[in-house]
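Undergrad: Supplied in C-alpha cells, the structure appears directly below.
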Amino acid sequence: LPHQTVAFSTQDPAAGVDVSNNTLIYPIMEANIDYLLTSFDVDHLLYPFRQRAGLPAPPGRRAQVHFWDTDLKGSNCGRFLMGAGNTLRWIENAQLRQMVDTVVDGVDACKNKSNGYILAYPPDGFMHSEQGDYGRSWFTQGLIEAGKAGNTKAFPLLRGLYDWFNDHTQNPYLPYLYDGTSNGEQGQIASTRMHLETPVGKWSDIATAREVYRDDVW
C-alpha cells in the first residue's frame, strides 16, 4: 500500500451501549468482572515492571505464574487490561476501573524517562522466548483497550514505547524480531493496531510491521 494517513475515529461502536439492564448478559459480565478482580492483584501484575525499573516490587497475593509471568513478562498484565478495558466499554464498575487506572499508573511510574521504554523486561529480554513478539503484543493490546475505555495515560505511554521500538538506532533487536523469533507474526498485531486503532498511531508502526514480510522467512 502507498503511504497514507488513516484517521482515528472517536465514534467507538461499543461506546454508549449499556448492558447492565440486560438480564441475559448482565450476570455473565458480573462473573467476568469478579474473575478480573480476583484472579490477580495490582502488585502481582506490576511485579516485573517494578523489578525492571529497580523499584520496590512486592510480590502480590500469589506467586508469579510459570512461563506466563516468568518467560513472557508483562503478558498477564496485558491479559488483565484487555479484559478489563473491553468490559468497561460495556458496563461500568468503579472497582474495576480503579484497578485498571492503578495498573496503568504503575506502568507509568516504571517508564524509562529518557526513551519512553515501558515493557516489563529490559531490552535484551526481546531475545528470550517469545517476549519480544507475543509478550509485547499482548501487553500492547491491553494498553490499547485501557485507552479505549477512557484511561488518559495509556495511549501516550504506547506512543513513547513505539517511538523507541520503531527506531533501529535505539532498538537493536528489530532484525531478530523480523527474521528470527517464533511468533513474529503475532507481534506485528501490536504495530498494526497501534496505527489503525489509536489516536497516536504513526506510519512508522505500519512500516515496521511490513518489514516482517521482506523475504521468504514466513
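Undergrad: Return only the number of the condition from (1) under 19 Å from residue 189 (Cα atoms); (2) crowded, with 22+ Cβ neighbours inside 10 Å; (3) more than 12 Å from the chain's Cα centre (by Cα) that residue 139 does not satisfy.
TA: That leaves (3) as the condition not met.
Undergrad: Now for a separate question. Can you report the number of residues in region 44-67 which are closer than 15 Å to residue 119 by Cβ and among the aromatic types (Phe, Trp, Tyr)?
TA: So the count comes out to 2.
Undergrad: Only one residue in 93, 76 is touching a Phe, Trp or Tyr at 6+ places or on another chain (Cβ under 6 Å) and open to solvent by 10 Å² or more (accessible area, probe 1.4 Å), so which one is that?
TA: 76
Undergrad: Here is a further query. What are the pairs, 6+ residues apart or on separate chains, where a residue within region 142-156 that is in contact (Cβ under 8 Å) with a residue 24 or more places away in the chain has its Cβ under 9 Å from a residue that is hydrophobic (A, V, I, L, M, F, W, C) and in a loop (DSSP other than H, G, I, E, B)?
TA: Cβ pairs passing all conditions: 143/118; 147/200; 148/14; 148/15; 155/200; 156/200.
Undergrad: Further, regarding this structure: Mind checking which residues of region 46-91 are out of contact with any helix residue (DSSP H, G or I) (no Cβ under 8 Å at 6 or more places or on another chain), part of a loop (DSSP other than H, G, I, E, B) and of a type outside the set (A, V, I, L, M, F, W, C)?
TA: Of everything in region 46-91, those that are out of contact with any helix residue (DSSP H, G or I) (no Cβ under 8 Å at 6 or more places or on another chain), part of a loop (DSSP other than H, G, I, E, B) and of a type outside the set (A, V, I, L, M, F, W, C) turn out to be 54, 66, 70.
Undergrad: Would you be able to tell me the number of residues in region 160-207 that are modelled with pLDDT under 80 and of a type in the set (Ser, Thr, Tyr)?
TA: Number satisfying all stated conditions: 4.
Undergrad: What are the residues in region 113-128 that are surrounded by 18 or more Cβ atoms within 10 Å (Cβ to Cβ) and either in a loop (DSSP other than H, G, I, E, B) or among the acidic types (Asp, Glu) (or both), if any?
TA: Of everything in region 113-128, those that are surrounded by 18 or more Cβ atoms within 10 Å (Cβ to Cβ) and either in a loop (DSSP other than H, G, I, E, B) or among the acidic types (Asp, Glu) (or both) turn out to be 116, 117, 118, 119, 120, 121.
Undergrad: Would you mention how many residues in region 31-53 are surrounded by 14 or more Cβ atoms within 10 Å (Cβ to Cβ) and of a type in the set (Asp, Glu)?
TA: Looking only at that region, the number is 2.
Undergrad: Do we have residue 104 as open to solvent by less than 20 Å² (accessible area, probe 1.4 Å), in contact with a Lys or Arg (Cβ under 6 Å, 6 or more places away or on another chain), farther than 21 Å from residue 172 by Cβ and outside any loop (DSSP other than H, G, I, E, B) here?
TA: Judged against the criteria, residue 104 is a match.
The values are calculated or read from the model by the stated rules, or taken from the named source; none is laboratory data. If you're wondering where the values come from, they're calculated on a predicted model, not measured in any experiment. With ideal geometry, Cβ positions are generated from the backbone for all residues, glycine too; neighbour counts draw on all protein chains shown. The accessibility values were calculated without ligands, DNA or RNA, using every heavy atom of the protein model including side chains. Shrake-Rupley method; radii C 1.70, N 1.55, O 1.52, S 1.80 Å.
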